[in-house]
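The values are calculated or read from the model by the stated rules, or taken from the named source; none is laboratory data. Computed from a predicted model, the values in this text were never measured in an experiment. Ideal geometry is used to build each Cβ from the backbone, glycine not excepted, and the neighbour counts take in all protein chains shown. Heavy atoms of the whole protein, side chains included, go into the accessibility calculation; ligands, DNA and RNA do not. Shrake-Rupley method; radii C 1.70, N 1.55, O 1.52, S 1.80 Å.
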Amino acid sequence: MLREITASSLAEAAGIIKNGGLVVFPTETVYGLGADAFNAEAVKRVYAAKGRPPDNPLILHVNFFCEIEPYVTAASETTKKLVGSFWPGPLTLVLNKSEAFPKDACMGIDTVAVRSPSNETARKLIELSGRIIAAPSANKSGKPSPTCAAHAEADLAGEADMILDGGETAIGLESTVLDCTGAKPLILRLGAVTAEQIESVLGVPVSASGGGNGTPKSPGVKYKHYSPEAEMTVVKGAKTDVLKYFTGILNGAVSGRPVGFMAASTVSRRLLAEKKWECLPGIASAWKTVYSDAEFFLFDMGPEKSPETAAKKIFSILRHMDCCGAGKIFCEAFDESGAGAAVMDRLLKAAGGNLTDLTRP
Ligand code: TXA
Ligand code: MG
């Protein structure tokens, strides 16, 4: 059952966290499945509820840096600058644990990922519980992260003790994860805080790690992510070429499982002009058509110049594609500058790296 956010539901949720229970709560990125970070039994329940591999550590959520300070080694100038510039907000910092970090809450590694959410409900929950809250995204492992409470309910009803409904999340993609334990900061996961923004604060170049060889720096990157049930292809190219490619699929219709298209507004509008589509009820900017016995779905990801709009929509579209029973998904690529980098990262992960590049001869 979804709970509206009120003073009394928040107080109840805080009580659940204090007593070792699990609460789904909104953050500005995606919904989290929260538990008292230093209650080993509660944290174990989080792993079980998600079906999460035990070697993939959780992000700890605090309101202020001073709450994590005793549990990490002395903050470097880099860490201080990043906290000053980006907290509260969608930037997770990986720091070295100090001796004071509870041994049974270590999750097997000597670093800890921590962030300070800006979402008011998340902040209130941290404050009222008086705990540091460990929270992975509130989805089953391998499913898209939840951007509304209903997504979390679909995955975790029965496992969470309470689901707080804070509406759609503002950003829609998970936080940027930045490793600050080495000589140079390293982006382990792209997110709303861009490499360019971090560079402008630190005044040094910041690179992103794809995991590399051997033990990945971010254990999560080695697991399959965000996979829709359909086979997905990201299609990169000039608008006219992407449109031609999509139209070819539409006109070459073969019956079988439905085919889904995801495109920015220009290609979407032109594709809409090709056939007679009907709006999908209850979803904005989504259509369906049946042509030559084949069923097609189209989801508009918003203006091409606004990767922020696409970021908000991607996970929800991927969930809709599963509901529609899509067997194949073709998705227009986004430009990878700025916020587009994180959008492309998630699209390519959903596609298992499957990219058709029409710019290559
Ligand atoms: O936006 C977010 O970050 C959301 C909201 C709920 O805060 N949380 C989230 O958590 O996305 P999760 O568990 O789905 O992803 C956490 C990522 C994983 O890739 C994990 O491997 C990485 O952070 N991570 C956690 N602790 C780490 C550590 N000590 N070193 C390196 N990577 C770490
Ligand atoms: Mg996750």
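See the values below:
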{"read-out": "Residue within the range 42-59 that is away from ligand 1 (no atom under 16 Å from the Cβ) and over 15 Å from I163 (Cβ atoms) present", "value": "no"}
{"read-out": "Meets criteria (crowded, with 16+ Cβ neighbours inside 10 Å, of a type in the set (F, W, Y) and closer than 18 Å to V267 by Cβ) for F315", "value": "no"}
{"read-out": "Residues of the range 334-343 that turn out to be within 19 Å of L243 (Cα to Cα) and among the hydrophobic types (A, V, I, L, M, F, W, C), as a count", "value": "1"}
{"read-out": "One residue from V72, V62, V112 being touching a residue at least 24 places away in the same chain (Cβ under 8 Å), of a type outside the set (S, T, Y) and touching a helix residue (DSSP H, G or I) at 6+ places or on another chain (Cβ under 6 Å)", "value": "V62"}
{"read-out": "Pairs where the first residue, in the range 220-242, is modelled with pLDDT of 95 or more and the second is aromatic (F, W, Y) and open to solvent by 60 Å² or more (accessible area, probe 1.4 Å), C-beta under 7 Å, 6+ apart", "value": "V235/Y245"}
{"read-out": "Subset of the range 199-208 that is of a type in the set (A, V, I, L, M) and out of contact with any Ser or Thr (no Cβ under 8 Å at 6 or more places or on another chain) - its residue that is modelled with the lowest pLDDT", "value": "A208"}
{"read-out": "Any hit, the range 1-14, residues being within 12 Å of ligand 1 (Cβ to nearest atom), in a helix (DSSP H, G or I), open to solvent by 10 Å² or more (accessible area, probe 1.4 Å) and among the hydroxyl-bearing types (S, T, Y)", "value": "no"}
{"read-out": "Residue within the range 161-176 that is more than 12 Å from the chain's Cα centre (by Cα), open to solvent by less than 50 Å² (accessible area, probe 1.4 Å), within 16 Å of ligand 2 (Cβ to nearest atom) and in contact (Cβ under 8 Å) with a residue 24 or more places away in the chain present", "value": "no"}
{"read-out": "Qualifying residue in the range 45-60 (condition: open to solvent by 60 Å² or more (accessible area, probe 1.4 Å), modelled with pLDDT of 95 or more and part of a loop (DSSP other than H, G, I, E, B))", "value": "no"}
{"read-out": "Residue in the range 290-307 that is in a helix (DSSP H, G or I), under 23 Å from Y226 (Cβ atoms) and within 23 Å of the chain's Cα centre (by Cα) present", "value": "yes"}
{"read-out": "Filtered residues of the range 15-44 (kept if over 21 Å from K103 (Cβ atoms), in a strand (DSSP E or B) and over 16 Å from the mean Cα position of the chain (by Cα))", "value": "V23"}
{"read-out": "The one condition in (1) acidic (D, E); (2) open to solvent by 40 Å² or more (accessible area, probe 1.4 Å); (3) in contact with a helix residue (DSSP H, G or I) (Cβ under 9 Å, 6 or more places away or on another chain); (4) over 19 Å from E174 (Cα atoms) that D293 fails to fulfil", "value": "(3)"}
{"read-out": "V94 vs. criteria within 16 Å of ligand 2 (Cβ to nearest atom) and under 21 Å from L202 (Cα atoms)", "value": "yes"}
{"read-out": "Pair list, Cβ < 7 Å and 6+ apart or interchain, from the range 180-191 residues that are within 14 Å of V114 (Cα to Cα) to residues that are among the acidic types (D, E) and at pLDDT 95 or above", "value": "L188/D179; R189/E174"}
{"read-out": "Matching residues, the range 318-343, being part of a loop (DSSP other than H, G, I, E, B) and open to solvent by 30 Å² or more (accessible area, probe 1.4 Å)", "value": "D335, E336, S337"}
{"read-out": "Residues (open to solvent by 10 Å² or more (accessible area, probe 1.4 Å) and among the aliphatic types (A, V, I, L, M)) located in the range 106-131", "value": "M107, I109, A113, L128"}
{"read-out": "Output for the range 278-290, where each listed residue is more than 12 Å from G260 (Cβ to Cβ) and buried (at least 20 other Cβ atoms within 10 Å of the Cβ)", "value": "none"}
{"read-out": "Among (1) under 21 Å from I17 (Cα atoms); (2) out of contact with any strand residue (DSSP E or B) (no Cβ under 9 Å at 6 or more places or on another chain); (3) within 12 Å of ligand 1 (Cβ to nearest atom) - the single one P136 does not satisfy", "value": "(2)"}
{"read-out": "Subset of the range 102-123 [over 13 Å from T27 (Cβ atoms) and modelled with pLDDT of 95 or more]", "value": "T111, V112, A113, V114"}
{"read-out": "Residue pairs meeting the criteria (Cβ under 6 Å; at least 6 apart or on separate chains; first in contact (Cβ under 8 Å) with a residue 40 or more places away in the chain, in the range 295-318; second assigned to a helix (DSSP H, G or I) and of a type in the set (D, E, K, R))", "value": "I314/R346"}
